[in-house]
Amino acid sequence: MIIWINGAFGSGKTQTAFELHRRLNPSYVYDPEKMGFALRSMVPQEIAKDDFQSYPLWRAFNYSLLASLTDTYRGIIIVPMTIVHPEYFNEIIGRLRQEGRIVHHFTLMASKETLLKRLRTRAEGKNSWAAKQIDRCVEGLSSPIFEDHIQTDHLSIQDVAENIAARAELPLDPDMRGSLRRFTDRLMVKLNHIRIK
């Protein structure tokens, strides 16, 4: 089973993914960006694309590896990744579903104001690459193809994770951490996923 967490940059995808990972056993957080970074490092600059999702190879690789993992891994695969183009969505998620694999897809929605505020906590201002993608993402992800939508403006990461688990009918382990441990865990996720565009 795959849980794909979509959303604009700053919507809380990665934090939600790791919150679910801590409370779903067994589970694995799969990062499609890693293949994008690999492609970016191996393609000559003069023919490189601005968005690594534009490479058919990126889409084919992630489809193939996710298909293989769902056939061989007994746990839940959690994928935090923004996909705004319906054709890219269909090439990966649609194809996995057509072949009978279970993919629960959720899009975390938030206002532009909320997204900008969250990006500032990652030291990304209004002129950052991520901030400049907000309008494109919010508009594209409002399409019905990207449902289930979860409005997150007034939800904590824990609330969002529990919402996803309930919709996917997955029982979560209780969260026995104190507030300091919870803060530290989320800080480490944030620091480990700082992206330089």
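The values are calculated or read from the model by the stated rules, or taken from the named source; none is laboratory data. Predicted model, so just to flag it, every value in this text is computed and none were measured. Using ideal geometry, Cβ is built from the backbone for each residue, glycine included, and neighbour counts are taken over all protein chains shown. Heavy atoms of the whole protein, side chains included, go into the accessibility calculation; ligands, DNA and RNA do not. Shrake-Rupley method; radii C 1.70, N 1.55, O 1.52, S 1.80 Å.
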Original post:
Does the range 6-29 contain any residue that is in contact (Cβ under 8 Å) with a residue 40 or more places away in the chain, acidic (D, E) and within 15 Å of I164 (Cα to Cα)?
Top reply: yes
Original post:
Which members of the range 118-161 meet the condition of being more than 18 Å from N6 (Cβ to Cβ) and among the charged types (D, E, K, R)?
Top reply: R120, R122, E124, K126, K132
Subject >> Which listed residue, of A123, A168, is out of contact with any helix residue (DSSP H, G or I) (no Cβ under 9 Å at 6 or more places or on another chain), of a type in the set (G, A, S) and at pLDDT 95 or above >> reply: A168
Original post:
Looking at Q133, is it closer than 18 Å to Q53 by Cα and touching a residue at least 40 places away in the same chain (Cβ under 8 Å)?
Top reply: yes
Original post:
Only one of (1) charged (D, E, K, R); (2) without any contact (Cβ under 8 Å) to a residue 40 or more places away in the chain; (3) open to solvent by 80 Å² or more (accessible area, probe 1.4 Å); (4) within 22 Å of V29 (Cβ to Cβ) fails for E139. Which number is that?
Top reply: (4)
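Residues are listed down the side, and each one gets a yes or a no for (1) over 17 Å from the mean Cα position of the chain (by Cα); (2) polar (S, T, N, Q):
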{"position": "G10", "(1), (2)": "no, no"}
{"position": "Q15", "(1), (2)": "no, yes"}
{"position": "L24", "(1), (2)": "no, no"}
{"position": "A38", "(1), (2)": "yes, no"}
{"position": "S54", "(1), (2)": "yes, yes"}
{"position": "D71", "(1), (2)": "yes, no"}
{"position": "I78", "(1), (2)": "no, no"}
{"position": "H85", "(1), (2)": "no, no"}
{"position": "Y88", "(1), (2)": "no, no"}
Original post:
Is it true that some residue in the range 164-179 is crowded, with 18+ Cβ neighbours inside 10 Å, hydrophobic (A, V, I, L, M, F, W, C) and closer than 17 Å to T14 by Cα?
Top reply: yes
